[in-house]
Amino acid sequence: MRKLLLTALLAGFVIIACKKKEDDVIDPGDGHNHSHYILDIPPGLPAMPIPANNPMTEEGIALGRKLFYDPILSGDNTMACADCHKQHFGFSDSTIQFSIGIDRIPGDRNAMPLFNLGYASNFFWDGGAADLESQVIGPIQNPVEMHEDLANVIQELNAHPEYPELFRKAFGSSTVTTPMIMKAIAQFERTMVSGDSKFDRVRRGLDSFTAQEQRGMDLYADPFKGDCVHCHTMGSTFTDFEFRNTGLDSIAADSGRARITLLASDIGKFKTPSLRNIEVTAPYMHDGRFFTLQEVMDHYNTGFHYPQNLDANLRTSVKGRMTQQDMDDIIAFLKTLTDYNFLTNPAFAKP
Amino acid sequence: MITLKSCFTLTTGNLRFFSYFSESIPHIYESMKSYSASAVSLLIYAVLFSIAFGSCKKKNEDPVPVNPGTSGKLTIFFRNLAGGQEIQFGQRLYTNAAGNNYQVDMLKYYVTNVVLIKDDSSEFKFNNYDLINAKVDSTCRIYGNVVPNGTYNRIRFYLGVDPVRNHTGAQDGDLDPVHGMIWTWNTGYIFFKHEGDFMDSTGSIEPLLYHYGTDPVLAQIELPIGALRIDNNEKKLYLNFDLNSLYGSTHTVEFNGNNIRQSSSVDDRDWLTSLFENFQNSFSYDRSE
């Protein structure tokens, strides 16, 4: 109890401290006032931690958004972030098969949806990027000759008729550098918050589930049926942000988390993805092997293998524990996680 | 002999991403990081902060804080060798302990957090993050512009980037991703990169690509450097780095079947461990003047 009180007090302290910060105006020394941006977090999602070295500003976000949609970032000016991360698919991609160069393991990975990124502390299927700022360079690079590409991108941005002024507005200097690009895009990405699905509105008492959706939610949490909550937590972010092996293969083609930790015990483990907007982010899994939610349900019900690192929650799950009706119900529940306001919010669309 | 041209320093440049005040006082920032849990630490923070702001202010008013008569300058040169010879790029001139004939097309590595240790075991920290590119002489040196007077007999540094800086790419100076020393899909710097080729056991020429890194193999190197006396003067310290030692002392690194390593698979661990242990023996003190 004492501990709780202390925590509450401390939390209060932090909130006050943060409040103060939000009122501040960032002046990087160019005499130009940068307007602090205050994230609008829907009820049901926690406050988002913003790194002290990259405070959000209107100017930074606007710049990040422009860069996100601009093919200038790719070495050959053909592809923007938005080409693989499309808003109406929850910023995932439904088509691209993606191959890589020397700095990545062989094996295709499916583009991940982008929302609520500010809550994660590592990125990519294997958690390889440790902050949101850093993951930006991955896609910019041609994997083989990365430094040359980046240098070209920076040169192009510096020679561009509009960008130097936009960078000056955002960061106080019109000489574009790699860290500025990373920070701007990360600022925009942090604004991409999704928490206004039917599920959320039901939670807030503004809507109600159908009988099937309600059954689906109960089965989702039922330890003898779906048992999905262990990993895809109920509510909030719908993920525990852990790395787990879900038995997709008996011998994993993609070593997953082990690529980062080099531990045999991490082979075949991948980051638990959020299930928000799952209806629109097909294909599913790190390699996009499943095209429908029914295939996903079949995997969890009967299809999973028993590799050494299989997660304990699945190892103890009985195969065939769900009926077709159970699976239909869970799918109906999953569809209540689609946030149409997010998918169509003009603030995230091409500027 | 390498020809030596002028170069740039970066003792504090890479710290820009921490708050403005800490930029000018990396020392204090570092020591603050280690206290953080208790109320006592809050107090310490408060005191440190006020000291920090105090010293910041002062610095702004007086941009030349160097106190003449108490310090000198030191340039540390890294000479890059293979079997004791200056590396010539693009020629298959070298033979490692395993008998593999190899060549070097690219050799780059990070030397960071250089510390000079005095005979009374007090230390002077450079707080540097330097990328040595063996092909570019001007990068093969590290500057200490204000080294306190005294006699130093050891040097210590990291071959690699410490965990504090290793997990974000949004940094400038030698840590800017533009140098190509960061993995594309894994936030982490490539501590050491040797790219080239070698003649395999069947006589055919195969690529050699070694990208070494990840936190557990951040190698700390410590070397005796004679008795380096800094006394209001300008000194030069020459260190050698030898690739044949890296591949042969004490673990023998065989290139056959082991020629592409990117620190990205469980299978890379033995290779990482060998290099990690060999790095200590790959640097040596040459001379100072």
Exercise for review: Go through the residues of region B:176-197 one by one and say whether even a single one is of a type in the set (Asp, Glu) and part of a strand (DSSP E or B).
Suggested key: yes
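Residue by residue, here is whether (1) under 29 Å from A:CYS81 (Cα atoms); (2) open to solvent by 40 Å² or more (accessible area, probe 1.4 Å); (3) in the same structural domain as A:LEU334 (by TED's automatic domain parsing) holds:
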position: A:LYS183; (1), (2), (3): yes, no, no
position: A:GLN187; (1), (2), (3): yes, no, no
position: A:VAL202; (1), (2), (3): no, no, yes
position: A:ASP207; (1), (2), (3): no, yes, yes
Practice item. Please give the number of the condition B:PHE198 fails out of (1) farther than 19 Å from B:SER263 by Cα; (2) out of contact with any helix residue (DSSP H, G or I) (no Cβ under 8 Å at 6 or more places or on another chain); (3) within 11 Å of another protein chain (Cβ to nearest Cβ). Key: (3)
Check your understanding: Can you name the residue in region B:203-220 that is away from chain A (no Cβ under 12 Å) and more than 24 Å from B:THR168 (Cα to Cα) and is also surrounded by the fewest Cβ atoms within 10 Å (Cβ to Cβ) among such residues?
Key -> B:GLY203
Review point. For region B:252-289, which residues satisfy the criterion of being more than 14 Å from chain A (Cβ to nearest Cβ), surrounded by 18 or more Cβ atoms within 10 Å (Cβ to Cβ) and not hydroxyl-bearing (Ser, Thr, Tyr)?
Key: B:VAL253, B:PHE255, B:ASN278, B:PHE279, B:PHE283
Practice item. Working carefully through the options B:TYR143, B:TYR189, find the one that is open to solvent by less than 30 Å² (accessible area, probe 1.4 Å) and in contact (Cβ under 8 Å) with a residue 24 or more places away in the chain. Key: B:TYR189
Study note, to complete from the structure: Per the filter on region B:116-164, residues assigned to a strand (DSSP E or B), under 30 Å from B:HIS194 (Cβ atoms) and among the basic types (Lys, Arg) are B:LYS125, B:ARG141, B:ARG154, B:ARG156
Point to revise | Selection count where residues are assigned to a helix (DSSP H, G or I) and either among the acidic types (Asp, Glu) or at pLDDT below 90 (or both), scope region A:259-270 | key: 4
Review point. A:HIS299 fails exactly one of the following numbered conditions: (1) assigned to a helix (DSSP H, G or I); (2) farther than 19 Å from A:ALA253 by Cα. What is the number of that condition?
Key: (2)
Point to revise | Leading residue by the ranking (surrounded by the fewest Cβ atoms within 10 Å (Cβ to Cβ)) among those in region B:160-186 that are among the β-branched types (Val, Ile, Thr) and in contact (Cβ under 8 Å) with a residue 60 or more places away in the chain | key: B:VAL164
Review point. Quick one: is B:ALA227 open to solvent by 50 Å² or more (accessible area, probe 1.4 Å), aliphatic (A, V, I, L, M) and either assigned by TED's automatic domain parsing to the domain that holds B:ASN80 or closer than 21 Å to B:MET106 by Cβ (or both)?
Key: yes
Practice item. For region A:62-83, enumerate the residues that are in a helix (DSSP H, G or I), open to solvent by less than 20 Å² (accessible area, probe 1.4 Å) and among the hydrophobic types (A, V, I, L, M, F, W, C). Key: A:LEU63, A:LEU67, A:PHE68, A:ILE72, A:LEU73, A:ALA82
Exercise for review: Give the residue that is modelled with the lowest pLDDT, with candidates limited to residues of region A:229-258 that are part of a loop (DSSP other than H, G, I, E, B), open to solvent by 30 Å² or more (accessible area, probe 1.4 Å) and among the charged types (D, E, K, R).
Suggested key: A:ARG257
Practice item. Please verify whether region B:108-130 includes one or more residues that are farther than 20 Å from B:PHE279 by Cβ, more than 13 Å from the chain's Cα centre (by Cα) and hydrophobic (A, V, I, L, M, F, W, C). Key: yes
Check your understanding: Among the candidates A:ASN345, A:ASN277, which residue alone is at positive phi and of a type outside the set (A, V, I, L, M, F, W, C)?
Key -> A:ASN277
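The values are calculated or read from the model by the stated rules, or taken from the named source; none is laboratory data. What you see is a predicted model; the values in this text were computed from it and never measured. Heads up, the Cβs are rebuilt from the backbone with ideal geometry, glycines too, and the neighbour counts pull from every protein chain shown. Just the protein is used for accessible areas: all its heavy atoms, side chains included, with ligands, DNA and RNA removed. Shrake-Rupley method; radii C 1.70, N 1.55, O 1.52, S 1.80 Å.
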